[in-house]
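Working notes, beginning with the structure itself.
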Amino acid sequence: MTRSIWKGPYVDNNLWKIIRKTKNSKELKIWSRRSFIFPQMVGQTCQINGGNKWVNFKINEDKVGHLFGEFVYRKKIAQFKRKKK
C-alpha cells in the first residue's frame, strides 16, 4: 500500500539534517530505505544498506521521487543446480 498524498513524501529526520548540513562533500551512509529522494540530493554519492552489504549509489535527476529501497536488492536470487544423471 502506498503512502497517502495528503501526508506528503517521507524523509527520516536524521537523514534530512545531514543533507541540509553537507553540500556534496561527504559520502552518506543511509539506513532508511523508506525515505524519498529529493531534488536537494542530486549529485551526491551515498551508500545504502542492503541488509548484509553496502551498495554504492549516485543520485541523478531521474531518481528524484523514488525510494532508496527501490535501487537495492535485499534478497539473493536463488540459483538451483541441475542434478547429474
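How do the pairs read when you match residues in the range 4-22 that are part of a helix (DSSP H, G or I) with residues anywhere that are among the small types (Gly, Ala, Ser), using Cβ under 9 Å and keeping only pairs 6 or more apart or on different chains?
Within 9 Å, the pairs are Asn14/Ser32; Leu15/Ser32; Leu15/Ser35; Trp16/Ser35.
Can you tell me which residue is nearest to Ser32 (Cα to Cα) among those in the range 66-85 that are at pLDDT below 90, assigned to a loop (DSSP other than H, G, I, E, B) and not basic (Lys, Arg)?
This residue is Val72.
Considering only residues that are out of contact with any strand residue (DSSP E or B) (no Cβ under 6 Å at 6 or more places or on another chain) and not in a helix (DSSP H, G or I), which ones fall in the range 37-55? Give the derivation first.
Restricting attention to the range 37-55, the residues satisfying the condition of being out of contact with any strand residue (DSSP E or B) (no Cβ under 6 Å at 6 or more places or on another chain) are 37-44, 49-53.
Ile37, Phe38, Val42, Gly43, Gln44, Asn49, Gly50, Gly51, Asn52, Lys53, listed by residue number.
Scan the range 9-24 for residues that are surrounded by fewer than 10 Cβ atoms within 10 Å (Cβ to Cβ) and modelled with pLDDT under 85 and jot them down.
Those that are surrounded by fewer than 10 Cβ atoms within 10 Å (Cβ to Cβ) and modelled with pLDDT under 85: Arg20, Lys21.
So which residues in the range 61-77 are surrounded by 10 or more Cβ atoms within 10 Å (Cβ to Cβ) and more than 19 Å from Tyr10 (Cα to Cα)?
Tyr73, Arg74
Name the residues in the range 25-50 that are surrounded by fewer than 11 Cβ atoms within 10 Å (Cβ to Cβ) and either at pLDDT below 85 or within 13 Å of Phe68 (Cα to Cα) (or both), would you?
Ser25
The values are calculated or read from the model by the stated rules, or taken from the named source; none is laboratory data. If you're wondering where the values come from, they're calculated on a predicted model, not measured in any experiment. As a convention, Cβ positions derive from the backbone with ideal geometry for all residues, glycine included, and neighbour counts pool all protein chains shown.
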